[in-house]
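Structure first, commentary second.
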Amino acid sequence: MDLEKPSSEIKSEPPARPQISLRGLFRIFLTLGAISFGGGVVAYMREYLVRGQHWMEDEEFLDALEVSETLPGLNAINLSVIIGDRMRGALGAALAVVGMTLPGTIVVLALAVLWQGELHFQVVGYFLTGVAAAAVGLLVALTVQLGHYQFRRLIDITLIALTFVAVSVLHLSLPLALLLIAPIAIWLYRPIVGRVNPGVPHFRRDLRRGWFRH
Amino acid sequence: MNRLVDMVGVFALLSVLAIGGGTPILPEMQYLTVERFHWLTDRQFRDIYSIGQVAPGPNMLMVLVIGYRLKGALGALAVGLAFFLPDCIITLFANRLWERYRDSPWRASIHYGMAPVIIGLMLSGTYAIAVLSIHNLVALLIAASTLSILMWRHVNPGVLIVIGGVLYALLAH
């Protein structure tokens, strides 16, 4: 019965997505969740899913990352949802998120049981202080790299300063600070006929360099 | 029971406020868990943040430690769902709608308008952790060296974070 052949063999669809079982998808996200350390989850995902597994083109990954960054939530989690959904629908998205968070959850809960708010050994307290201090260095590096384009434009520097002062100096609550500043920021970049928004090429190039991100 | 409701409320709120990732919500999380609800001390908040740093996967899994500390396994589960589920649902549906607005010029406006706001919030999050952790020269040197190494070379930050912890433990007492 040749006519009953699956339509996928007849239609010439744009590059066919590799078929992946739910179990396989879960295993890959579980691996990602276990090997990515130090806030570099997105870089690991790109390396592993685009270059390793060939699930998608780099351009497609960057598009998904752009959506992830615009929506609330952690980039790594949002990306897991989007990629899981593309590969295997809503169930794929759910398995991707569970896989991504399961190894870290186990480690974090094991540490939580050990820690209990009290420190039995002074040295553990020192270790955690050093970790936080090193994390400050990492966060500054991330911020500088993420914003290296913004740090060069007066309009952006003003918005950066305004936001920092609102939250860290005036101690406005985050919802209030966002409510006050976000509309102004978006209005400043409102679409104007004939004006190309600046920064587009920079943005793409930075993503290509694959900097680690949260 | 009331506390569990508060916990779910706090972390669901933080979930939808997490524009640009986890770092931007750190000051708000600190305010809510330490000053507003007195669930943690500043020191505990910082230690929990560090625990998130040394675990694999997203650092914000630290919220599970807060949940566990307050209400045991049930607390960790409640906080985990409150913090992760709303964003996942928003992303699932918003991403499917996204295609419809693919060519809208406002997409770029939101992106470029929010970029500096997110940078400002990341600076605030960084500042909050710095105030809690950098109290002496050793800590300052660890932060500065981590920063310089990362700006200079593409090193796995996780390695530097652990080295920072070990160095401080060796040098600080």
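Restricting to segment A:21-49, what's the tally of residues that are open to solvent by 10 Å² or more (accessible area, probe 1.4 Å) and under 30 Å from A:V136 (Cα atoms)?
10
Six or more apart or on different chains, Cβ atoms under 9 Å: show the pairs whose first residue is in segment B:23-51 and within 10 Å of chain A (Cβ to nearest Cβ) and within 22 Å of B:L160 (Cβ to Cβ) and whose second is of a type in the set (D, E, K, R) and open to solvent by 10 Å² or more (accessible area, probe 1.4 Å).
As it stands, the answer is B:I48/B:R69, since those pairs meet every condition given.
Scan segment B:146-169 and report the pairs whose first residue is polar (S, T, N, Q) and whose second residue is open to solvent by 10 Å² or more (accessible area, probe 1.4 Å), with Cβ atoms within less than 6 Å and a gap of 6+ or a chain change.
Going by the 6 Å Cβ cut-off, the qualifying pairs are B:T146/B:L160.
Testing B:D47 on (1) open to solvent by less than 10 Å² (accessible area, probe 1.4 Å); (2) in a loop (DSSP other than H, G, I, E, B); (3) of a type in the set (D, E), one condition comes back false. Which one is that?
Only one criterion is unmet by B:D47, namely (2).
Based on what the data block shows, is B:I90 facing chain A (nearest Cβ under 7 Å) and more than 25 Å from A:P191 (Cα to Cα)?
yes
So, in segment B:135-158, how many residues would count as being closer than 16 Å to A:Q145 by Cβ and more than 9 Å from every other protein chain (Cβ to nearest Cβ)?
Total meeting the criteria: 3.
Condition first: facing chain B (nearest Cβ under 7 Å), of a type outside the set (V, I, T) and surrounded by fewer than 24 Cβ atoms within 10 Å (Cβ to Cβ). Now tell me which residues in segment A:82-109 satisfy that.
A:D85, A:A90, A:P103, A:L109
It is to be established whether one or more residues within segment B:64-87 are assigned to a helix (DSSP H, G or I), at the interface with chain A (Cβ under 7 Å from one of its Cβ atoms) and surrounded by fewer than 18 Cβ atoms within 10 Å (Cβ to Cβ).
The answer is no; no qualifying residue exists.
Which residues, taken from segment B:105-124, are more than 7 Å from chain A (Cβ to nearest Cβ) and either within 21 Å of the chain's Cα centre (by Cα) or closer than 22 Å to A:V131 by Cβ (or both)?
Passing the criteria: only B:I118.
Can you report the number of residues in segment A:151-168 which are farther than 10 Å from B:V117 by Cα, part of a helix (DSSP H, G or I) and open to solvent by less than 90 Å² (accessible area, probe 1.4 Å)?
Residues meeting the conditions: 6.
The values are calculated or read from the model by the stated rules, or taken from the named source; none is laboratory data. Keep in mind the model is a prediction, meaning the values are calculated, not measured. Cβ: placed from backbone, ideal geometry, glycine included. Neighbour counts: every protein chain shown. Side chains included, ligands, DNA and RNA excluded: accessible areas come from the protein's heavy atoms. Shrake-Rupley method; radii C 1.70, N 1.55, O 1.52, S 1.80 Å.
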